[in-house]
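The values are calculated or read from the model by the stated rules, or taken from the named source; none is laboratory data. Please read these numbers as outputs of a predicted model, since none were measured by experiment. All Cβ positions, glycine included, derive from the backbone under ideal geometry; neighbour counts span all protein chains shown. Just the protein is used for accessible areas: all its heavy atoms, side chains included, with ligands, DNA and RNA removed. Shrake-Rupley method; radii C 1.70, N 1.55, O 1.52, S 1.80 Å.
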Amino acid sequence: MRTRFAPSPTGPLHVGSVRTALFSWLAARHAGGEFVLRIEDTDQERYIPGSEALILETLQWLGLEWDEGPEVDGPHGPYIQSLRTEMYREHAEILVQRGAAYWCTCTAERLAAMRDEQRRRSEPTRYDRRCLTRQDEVDAERSAGMPAVLRLRMPDGTTEWDDLVRGAVSFDNADIDDQVLLKSDGFPTYHLAVVVDDHLMRISHVIRSDEWIPSTPKHLALYAAFEWTPPRFVHVPAVLGADGLKLSKRRGARNVLDYGEMGYLPSAIVNAMALLGWSSGSDEELFTQSQLCERFTLERIHPAPAVFDPARLDHLNGQHIRLLPAEALVEALEYHLPGSSKDTRRSLVPMLRDRMVTLADAATLADPLLHEWDWDDAIEFPPRKVDAATARAVIDACIDSVQHGGLGDLDAMRERIKAAAENTGAKPRDAFRALYVAVLGTPAGLPVLESMAFIGAERSLERLRTARQRLNVRKIPAS
RNA sequence: GCCCGCAUCGUCUAGCGGUCAGGACACCACCCUUUCAAGGUGGUAACCGGGGUUCGACUCCCCGUGCGGGUACCA
């Protein structure tokens with residue numbers, strides 16, 4: 001099996017396009033075949049400088065390495081269409097010779113008027129073949145320098161193919177336009193280029209998004225005209241946003257690389273994308289890359305479009321974070337805890353790992369341990385369900401415990417504080433919240449006692465005393 | 001307008017004529033617990049509508065409806 005991903009360099013990749021790339025990659029890896037990357041830059045007007053590099057970076061980051069393509073030599077190169085224009089012209093010539101294509105000098109205005117008229121008459125919009133019946137004149141016009149395009153002469157009859165995810169799909173050729181193959185600037189259109197490239201690159205399975213279904217008959221007509229065996233077609237469903245509309249750049253679909261910035265793991269993103277339109281058939285849903293390669297088959301792709309659910313990604317990201325060996329997490333956290341030492345991260349990881357949804361959460365969670373923080377009025381202290389007397393008792397017990405026992409025996413300390421809380425009649429779970437606020441500035445955070453051990457006795461005592469002081473200040477006007 | 005595709009809980013999905021329609025996310029409750037998480041247990045929640053076919057339809061067929069896509073010298 002040979003599959004390919006053929007993006008056009010018109011901007012960064014979003015989840016929708018990368019999901020198609022992932023399916024192609026997985027199919028190839030599962031079968032032990034090759035995955036090729038090809039850049040389809042035949043439209044110089046839509047080209048966005050730098051996006052090609054972005055595409056390569058995205059694929060590399062996700063671990064979807066290609067066997068042939070840009071930066072990787074292969075026997076079927078070059079893998080950038082703008083470098084292959086000569087091949088397209090040669091093949092176009094074959095089509096002309098065989099009568100499968102013809103030149104056309106119709107102006108954009110005429111074409112537009114023609115379509116308006118067809119629409120008015122409830123007919124399918126397609127080229128009326130005016131130039132087909134006057135090829136001699138067209139030849140003369142061309143040699144006089146008039147711009148011309150080469151059109152596919154769509155054969156009569158019907159076109160049918162067995163799509164790997166849709167089953168039998170068929171079209172009446174009469175509804176299909178005589179597609180432009182060579183633009184007047186000499187560049188091929190997508191339709192000519194894909195067919196020529198997929199054939200020359202020996203692609204066995206064309207895996208692409210289902211918006212290509214209507215143009216597949218054109219491609220099949222081309223394969224027939226060249227007398228080539230067509231590949232299997234695999235049209236995968238669209239990925240929709242929460243609004244039910246197809247993900248697209250112009251609707252603000254996120255650059256996949258941004259997810260890295262936000263603290264998502266490549267393995268989690270890959271896992272989440274694989275589950276969009278594909279299922280293993282079992283109840284398992286948490287997969288590593290290699291497990292996916294093992295189980296993925298094109299036949300199990302679900303044909304309906306899928307809504308991308310960020311909550312699902314969040315969940316999977318947490319799972320993948322917990323799947324990571326501690327030392328790998330220490331590495332992964334470097335970006336999100338800038339300036340932290342490896343040792344610092346090593347002691348933070350046990351506290352962080354069960355509490356992170358994204359790696360970026362580490363920064364928020366660890367902040368009170370890495371920096372001093374200031375009290376402000378937004379901090380409720382003592383916190384809900386804790387009265388001042390309990391807060392005082394708990395903090396005093398904690399201070400005393402640190403002063404006398406240090407931070408070596410957290411268990412003993414915990415018991416000591418619990419006892420103090422129970423003395424005041426409070427539930428330990430509530431009372432402890434006062435301690436959290438005192439040390440971390442928030443009632444919800446990393447384990448306090450461990451946090452204190454991390455910041456050390458001196459800083460701990462300092463924070464506890466400040467909090468204790470605050471209780472006194474409050475107490476005065478109250479009594 | 002014309003053409004094509006799709007249709008199971010809110011979301012992702014399993015199902016391939018006979019199931020109490022299963023799982024996961026999210027949500028709710030409880031348990032565990034030094035907070036919050038993580039983890040565990042349980043719960044709420046779905047076959048778009050109408051006709052057929054069949055002893056029997058979520059499943060097969062037709063028609064609607066809804067949604068998506070195509071209809072370019074864009075991919």
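Okay, here's what the table says:
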read-out: Cα pair distances in region A:84-236, grouped into 10 Å bins until the bin that holds the longest one, percent each; value: 10, 38, 36, 15, 1
read-out: Contact order normalised by residue count of region A:84-236, Cα under 8 Å, 6+ apart, percent; value: 25 percent
read-out: Using a Förster distance of 41 Å, the FRET efficiency for A:A328-A:V169 (Cβ separation, nearest 0.05); value: 0.35
read-out: On Cα atoms only, tilt of A:410-423 relative to the major axis of chain A in degrees; value: 70 degrees
read-out: Portion, in percent, of the accessible area of chain A that falls on carbon or sulfur, probe 1.4 Å; value: 50 percent
read-out: More than 21 Å apart - percent of Cα-Cα pairs taken over region A:388-470; value: 14 percent
read-out: Alpha-carbon centroids, region A:147-207 and region A:1-78: separation in whole Å; value: 21 Å
read-out: Helical mean residue ellipticity (222 nm; -39500 (n - 2.57) per DSSP H run of 4+; nearest 500) of chain A; value: -14500 deg cm²/dmol
read-out: Nearest-10 value in Å² for the accessible area of A:H191, using the 1.4 Å probe; value: 20 Å²
read-out: Lysines with Cα under 25 Å of A:K246, excluding same-chain neighbours fewer than 8 positions away; value: A:K218
read-out: Whole-Hz ³J(HN,Hα) from phi, Karplus 6.51 cos²θ - 1.76 cosθ + 1.60, for region A:269-284, glycine and proline x; value: 5, 4, 4, 5, 5, 4, 7, 8, x, 9, 9, 6, x, 9, 8, 6
read-out: Modelled FRET efficiency - R0 56 Å, A:L370 with A:I213, Cβ distances, 0.05 increments; value: 0.55
read-out: For chain A, share of DSSP beta bridges that run antiparallel, in % to the nearest 5; value: 55 percent
read-out: Average projection area in nm² (convex hull over Cα atoms of chain A, one quarter of hull surface); value: 31.3 nm²
read-out: Quotient of Cα Rg and 2.2 N^0.38 Å for region A:190-270, N being how many residues it contains; value: 1.44
read-out: Separation of alpha-carbon centers, region A:401-479 and region A:261-303, rounded to whole Å; value: 45 Å
